[in-house]
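A.B. asks: Quick one: structure below, then a few questions.
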Amino acid sequence: APHHSLAREGDDFLAVLSCAGPDAALMGHSYGAVCALEAALVRPVRRLILYEPPLHALLNPISDQLQILIDSQKPDAMVRFFLTKGVELPEQAVDALERSPAWAGLVALASTLPREVRALEETIGSIDRYAAIDCPTLLVVGEHSSAGLKDSVERLSALLHNATTTVLRGQ
């Protein structure tokens with residue numbers, strides 16, 4: 001949509017949740033975890049499961065660089081830049097991903113990344129509003145995940161009154 005926002009993404013989550021029934025949990029991974037938080041701000045949910053919400057939110061903003069790479073018709077370079085600078089994956093992990101069948105799917109979605117990253121960057125200054133969410137929330141982070149993602153989970157854990165954190169060993 002021309003007017004993309006995390007709130008609109010949250011509305012989509014709520015529409016799906018309505019179909020799932022009253023006992024459904026809302027789960028999101030990465031950007032989807034932030035969309036789940038947005039949904040929970042609008043309407044109470046029974047429970048949340050949030051796997052590595054990136055609310056360290058690119059404290060070093062990269063959305064402008066991503067847009068330049070997309071505008072320059074360099075989606076492969078943009079995905080590589082996003083994975084190394086935004087997600088903070090090591091170069092060797094990105095090299096392996098680039099050789100995998102999953103790479104084509106990532107490149108196909110490249111055009112959505114600048115707007116999604118921009119939405120995250122705009123949210124960073126207002127994450128305190130998530131403290132209003134009081135449903136049971138499971139925060140999940142990998143043992144070997146980036147320092148930024150670990151920090152994000154710690155920040156949310158401190159904000160959410162009914163949260164527990166699980167570290168996935170070896171991940």
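The values are calculated or read from the model by the stated rules, or taken from the named source; none is laboratory data. Since we're looking at a predicted model, the values are computed, not measured. Neighbour counts are summed over all protein chains in view; Cβ atoms, including those assigned to glycine, are modelled from backbone coordinates with ideal geometry. These area figures cover heavy atoms from the full protein model, side chains too; ligands, DNA and RNA do not enter into them. Shrake-Rupley method; radii C 1.70, N 1.55, O 1.52, S 1.80 Å.
A.B. asks: Of the chain, which part is the longest with no trypsin sites (Lys or Arg not before Pro) in a loop (DSSP not H, G, I, E, B) and with at most 15 other C-beta atoms within 10 angstrom? Intermediate values should be presented prior to the final figure.
C.D. replies: On the way: sites that count: R46, R47, R99, R169.
It runs 100-168.
A.B. asks: Apply the a/c threshold of 1.5 to the C-alpha gyration tensor of the chain and tell me whether it is rounded, prolate or oblate. Provide the component values of the computation, followed by the final result.
C.D. replies: Working: a/c = 1.77, a/b = 1.45, b/c = 1.22.
Note, shape of the chain comes out prolate.
A.B. asks: Also, quick follow-up: Quick one: which residues, 5 or more positions from G142 or on another chain, have an amide H under 5 Å from its amide H? H modelled 1.01 Å from N in the peptide plane, none for Pro or chain starts.
C.D. replies: When sequence neighbours closer than 5 places are left aside, the close amide H contacts are L168.
A.B. asks: Ordered by residue, what ³J(HN,Hα) values in Hz, to whole numbers, does the range 81-86 give under the Karplus form 6.51 cos²θ - 1.76 cosθ + 1.60, where θ = phi - 60° and Gly and Pro are x?
C.D. replies: 4, 4, 5, 7, 8, x
A.B. asks: Give me the percent relative contact order of the range 63-118, please, defined on Cα pairs under 8 angstrom at least 6 residues apart.
C.D. replies: Details: 33 pairs, mean separation 27.9, N = 56.
Reported relative contact order: 50 percent.
A.B. asks: Looking only at the range 31-55, which residues have a backbone nitrogen under 17 Å from a spot 7 Å from the Cα of S100 in the C-beta direction?
C.D. replies: So the set is 31, 52.
A.B. asks: For the chain, which whole-number percentage of the solvent-accessible area (1.4 Å probe, protein heavy atoms only) is attributable to carbon and sulfur atoms?
C.D. replies: Values: 5070 of 9060 Å².
Result for the chain: 56 percent of the exposed heavy-atom area is carbon or sulfur.
A.B. asks: Which value, in Å², gives the accessible area per residue of the range 127-168 when a 1.4 Å probe is used on the protein heavy atoms?
C.D. replies: Numbers: 2040 Å² over 42 residues.
Value returned for the range 127-168: 49 Å² of accessible area per residue.
A.B. asks: Using the heavy atoms of the protein chains and a 1.4 angstrom probe, tell me the accessible area per residue for the range 16-78 in square angstrom. Please list the in-between numbers first.
C.D. replies: Numbers: 3140 Å² over 63 residues.
Solvent-accessible surface per residue comes out at 50 Å².
A.B. asks: Under a 10 Å cutoff between Cα atoms, tell me which one of D64, D134, D151 has the largest fluctuation in the Gaussian network model of the chain.
C.D. replies: Largest GNM mean-square fluctuation: D64.
A.B. asks: Could you pull the accessible area for C135 with a 1.4 Å probe, rounded to 10 Å²?
C.D. replies: 10
A.B. asks: Under 5 Å between amide H atoms, partner at least 5 residues away or on a different chain: which partners does T165 have, H built in plane at 1.01 Å?
C.D. replies: Residues meeting the criterion, in which the H sits 1.01 Å from N, are L139.
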